[in-house]
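Asks: After the structure tokens below, expect a handful of questions from me.
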Amino acid sequence: MNNKISDNNIRVRFAPSPTGFLHIGSARTALFNWLYARKTGGSLIVRIEDTDIKRHQEEAIDLIMQSLKWLGMEWDEGPGTGGDFGPYRQSERLDIYTENAHRLIEEKKAYICFCSPGDLAKERELCQKNGKAFKYDRKCLSLPQEEISERKDRGEPYAIRLLVPENKVLEFDDIVYGKISVNSNTIEDYIIIRSNGLPTYNYSVAVDDALMKITHIIRGEDHLSNTPKQLLVYNAMEIAPPEFIHLPMILGSDGHKLSKRHGSISIEAYREEGFLPGAIVNYIALLGWAYDEKTTIFSLPDLISKFSLENINKKSSRFDYQKLLWMNGNYIRELDESTLEELIIKEVSAYLDSEKDLKRFQDGPDIGETIKKITPHIKERVKTVKESSEWISPFFTIIEYDPDMRDYFNNKALDAVSVLNKIISTLEPLRSRFLSSDIESSLRDLSEELGLNLRKIAEVIRIAIWGKKVSPPLFVTMEILGHDLTINRIRDYLKIIT
RNA sequence: GGCCUGUUCGUCUAGUGGUUAGGACACAAGGUUUUCAACCUUGCAACAGGAGUUCGAUUCUCCUACAGGCUACCA
């Protein structure tokens with residue numbers, strides 16, 4: 001995809017399992033891998049871990065890669081991209097796993113197991129009841145060779161287990177979490193190849209990382225406890241393990257695992273909600289990483305130049321939608337006008353098409369033109385692109401006055417009817433020059449004449465022409481609406497309140 | 001249950017053996033203002049608890065509590 005800047009051999013990988021959309025947590029993992037690769041001039045490998053047939057969804061692969069690209073990340077090797085260490089889908093590497101497993105059997109580092117999952121589950125349950133830790137009892141380790149051959153020939157299903165050495169200290173130095181050491185006795189002879197021939201995660205991941213010459217494994221903290229098991233595979237294969245960098249988890253606002261009940265968790269959903277990729281990247285970069293004591297806004301190039309593994313922290317963080325919103329508002333304000341216009345045009349057009357309840361004008365104002373005019377005035381008022389529809393749609397639709405807007409002025413010491421009539425006569429002469437500056441000065445004059453402050457006058461007009469208590473800046477709004485529509489809406493409103 | 005990990009304002013975080021423990025979001029008040037925002041000012045608010053080491057611990061060690069992860073023929 002792109003030529004390596006320098007051949008320093010740093011190789012990192014992002015290895016999603018295609019079970020759905022790319023979600024927040026995986027996106028952060030991908031981001032840190034990508035940043036590290038770009039920072040060091042190394043390579044980012046994308047590998048699809050699709051060995052779970054039940055949960056596998058073919059479409060998810062594309063969805064995930066689309067989201068990565070949308071966020072601004074590209075990779076150097078992967079499915080569809082190619083590379084010297086492929087294939088990059090585990091489902092296409094099955095032979096590699098079984099070949100290696102059989103070699104391990106020959107080397108007495110693994111063995112065949114005929115125990116049925118059902119029996120094992122029963123035993124496990126029993127242990128749990130008695131409060132004891134279950135560990136596979138190696139029943140099949142001592143099976144005579146003839147029996148193994150015989151049962152295999154009979155077609156009896158079997159799995160392959162890794163022979164875990166006894167009482168060995170498994171140690172690694174995680175760049176984030178420091179020295180981690182576990183006694184091998186706490187690990188059972190876990191299955192590396194299931195009876196259906198497919199490898200299990202802890203085995204295939206280690207085989208692939210080893211064979212793909214991954215030098216730095218950057219992944220979620222949920223894999224910290226799995227690492228010793230994978231170390232066992234490296235040891236068995238006699239390959240030196242890579243560096244490990246575990247990232248603190250991203251939790252929901254209540255401190256529990258991020259899930260749908262916390263709101264949107266997929267990057268795709270945030271895209272649809274009108275979030276900008278830069279804002280999302282900026283926000284998730286700050287979950288578990290900080291550059292200094294004050295900087296919060298980072299462009300992609302900033303992140304690349306400032307990122308370092310040493311600044312990753314250990315504490316899991318909670319996803320704060322409010323802060324993401326704030327961040328997004330920030331990015332919207334910083335966006336150049338024409339890009340923002342395009343986004344808003346797309347959003348508003350889709351909105352007008354999809355909302356069947358809206359009554360659109362037959363030959364209403366031009367969407368593109370209108371949005372160009374109003375964008376500078378709403379860009380600092382919206383936090384997502386999606387919100388722009390609410391601010392803009394009354395330009396193109398017949399407004400409905402809901403009941404509390406109808407009698408809004410009833411209990412106010414303000415004669416709305418007479419004020420509105422005066423406003424009409426003030427505005428009518430402006431027909432040929434219906435510009436916000438002229439509108440404003442005429443209304444200021446009127447305000448003085450009536451001894452009524454501009455705020456009140458604006459309030460009446462706003463409700464009459466917009467049907468809401470909140471609108472984009474009023475005089476510009478009137479200008480864009482145009483003389484006739486403005487006057488007509490005021491007249492309509494008058495009819496309703498008299 | 002066993003194993004592994006973590007704990008600074010409500011949230012994201014900075015930080016150090018001696019600091020008025022800093023910033024950001026959120027919240028509150030004020031300013032600006034045609035509404036709402038944006039913007040500016042100010043405020044609120046934290047070192048989980050207990051022992052120890054030390055002249056001195058938020059910082060180092062241990063224990064407890066709480067939280068998270070792994071403990072599958074899921075990844």
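Asks: Being under 28 Å from the mean Cα position of the chain (by Cα), part of a loop (DSSP other than H, G, I, E, B) and not hydroxyl-bearing (Ser, Thr, Tyr) is the filter here, so list the residues in region A:86-106 that pass it.
Replies: A:Gly86, A:Pro87 - these are the residues of region A:86-106 that are under 28 Å from the mean Cα position of the chain (by Cα), part of a loop (DSSP other than H, G, I, E, B) and not hydroxyl-bearing (Ser, Thr, Tyr).
Asks: Name every residue in region A:458-484 that is crowded, with 19+ Cβ neighbours inside 10 Å, within 8 Å of RNA strand B (Cβ to nearest atom) and modelled with pLDDT under 95, in order of residue number.
Replies: A:Glu459
Asks: Sticking with this one: Of all residues in region A:225-240, how many are within 16 Å of RNA strand B (Cβ to nearest atom) and not hydrophobic (A, V, I, L, M, F, W, C)?
Replies: Going through region A:225-240, the residues within 16 Å of RNA strand B (Cβ to nearest atom) turn out to be A:225-233.
Cutting the leftovers down to not hydrophobic (A, V, I, L, M, F, W, C) gives us A:225-230.
Number satisfying all stated conditions: 6.
Asks: Here's a follow-up. Which members of region A:401-428 meet the condition of being of a type outside the set (A, V, I, L, M), more than 17 Å from A:Glu448 (Cβ to Cβ) and surrounded by fewer than 17 Cβ atoms within 10 Å (Cβ to Cβ)? Explain how you work it out, then say what you get.
Replies: If we filter region A:401-428 for residues that are of a type outside the set (A, V, I, L, M), which is where we start, we get A:401-404, A:406-412, A:415, A:418, A:421-422, A:425-426, A:428.
Still in the list and also more than 17 Å from A:Glu448 (Cβ to Cβ): A:401-404, A:406-412, A:415, A:421, A:428.
The answer is A:Asp402, A:Pro403, A:Asp404, A:Arg406, A:Asp407, A:Asn410, A:Asn411, A:Lys412, A:Asp415, A:Asn421, A:Glu428.
Asks: If you don't mind, another one. Pairs under 7 Å by beta carbon, first residue without any contact (Cβ under 8 Å) to a residue 24 or more places away in the chain in region A:108-131, partner near RNA strand B (Cβ under 7 Å from one of its atoms) and not aromatic (Phe, Trp, Tyr), six or more apart or different chains?
Replies: Going by the 7 Å Cβ cut-off, the qualifying pairs are A:Cys127/A:Ala133.
Asks: While we're here: Select from region A:439-457 the residues that are part of a helix (DSSP H, G or I) and of a type in the set (S, T, N, Q) and write down the one among them that is nearest to RNA strand B (Cβ to nearest atom).
Replies: Let us first name the residues in region A:439-457 that are part of a helix (DSSP H, G or I), namely A:439-450, A:454-457.
Add one more test, that the residue is of a type in the set (S, T, N, Q), and what stays is A:441-442, A:447.
On the way: A:Ser441: 12, A:Ser442: 13, A:Ser447: 9 Å.
Across region A:439-457, the extreme among qualifying residues is A:Ser447.
Asks: So how many residues does region A:331-380 have that are out of contact with any helix residue (DSSP H, G or I) (no Cβ under 8 Å at 6 or more places or on another chain) and among the basic types (Lys, Arg)?
Replies: Here the count works out to 4.
Asks: State whether one or more residues within region A:138-146 are free of Cβ contacts under 8 Å to residues at least 12 places away in the same chain, part of a loop (DSSP other than H, G, I, E, B) and surrounded by 14 or more Cβ atoms within 10 Å (Cβ to Cβ). Write out each step before concluding.
Replies: Here is the first cut: in region A:138-146, the residues free of Cβ contacts under 8 Å to residues at least 12 places away in the same chain are A:142, A:144-146.
When the remaining residues are screened for being part of a loop (DSSP other than H, G, I, E, B), the result is A:142, A:144.
After this cut, where a residue has to be surrounded by 14 or more Cβ atoms within 10 Å (Cβ to Cβ) as well, the list is none.
No, there is no match, as no residue in region A:138-146 is free of Cβ contacts under 8 Å to residues at least 12 places away in the same chain, part of a loop (DSSP other than H, G, I, E, B) and surrounded by 14 or more Cβ atoms within 10 Å (Cβ to Cβ).
Asks: Could you check region A:306-325 and list, in sequence order, the residues that are within 6 Å of RNA strand B (Cβ to nearest atom), in a helix (DSSP H, G or I) and touching a helix residue (DSSP H, G or I) at 6+ places or on another chain (Cβ under 9 Å)?
Replies: A:Lys323
Asks: Tell me which residues, restricted to region A:151-202, are within 36 Å of the chain's Cα centre (by Cα), without any contact (Cβ under 8 Å) to a residue 24 or more places away in the chain and either buried (at least 18 other Cβ atoms within 10 Å of the Cβ) or at positive phi (or both).
Replies: Answer for region A:151-202, where residues must be within 36 Å of the chain's Cα centre (by Cα), without any contact (Cβ under 8 Å) to a residue 24 or more places away in the chain and either buried (at least 18 other Cβ atoms within 10 Å of the Cβ) or at positive phi (or both): just A:Gly178.
Asks: Within the group A:Val233, A:Val205, which residue is closer than 26 Å to A:Glu310 by Cα, in contact (Cβ under 8 Å) with a residue 12 or more places away in the chain and surrounded by 15 or more Cβ atoms within 10 Å (Cβ to Cβ)?
Replies: Working: A:Val233 fails: closer than 26 Å to A:Glu310 by Cα.
Result of the check over A:Val233, A:Val205: A:Val205.
Asks: On to the next question. Regarding region A:423-434, can at least one residue be identified that is among the basic types (Lys, Arg), modelled with pLDDT of 90 or more and over 25 Å from A:Gly368 (Cα atoms)?
Replies: Looking through region A:423-434, none of the residues is among the basic types (Lys, Arg), modelled with pLDDT of 90 or more and over 25 Å from A:Gly368 (Cα atoms).
Asks: What's the number of the only condition in (1) outside any strand (DSSP E or B); (2) buried (at least 20 other Cβ atoms within 10 Å of the Cβ) that A:Leu44 fails to meet?
Replies: The number of the failed condition is (1).
Asks: Name the residue that is farthest from A:Leu340 (Cα to Cα), counting only residues in region A:393-406 that are without any contact (Cβ under 8 Å) to a residue 60 or more places away in the chain and of a type outside the set (D, E, K, R).
Replies: Step one: of region A:393-406, the residues without any contact (Cβ under 8 Å) to a residue 60 or more places away in the chain are A:393, A:396-398, A:403-404.
Restricting the remaining residues to those that are of a type outside the set (D, E, K, R) gives A:393, A:396-398, A:403.
On the way: A:Ser393: 17, A:Phe396: 19, A:Thr397: 22, A:Ile398: 25, A:Pro403: 35 Å.
Result: A:Pro403.
The values are calculated or read from the model by the stated rules, or taken from the named source; none is laboratory data. Only a predicted model underlies this, so the values are computations on that prediction, with no experimental measurement involved. With ideal geometry, Cβ positions are generated from the backbone for all residues, glycine too; neighbour counts draw on all protein chains shown.
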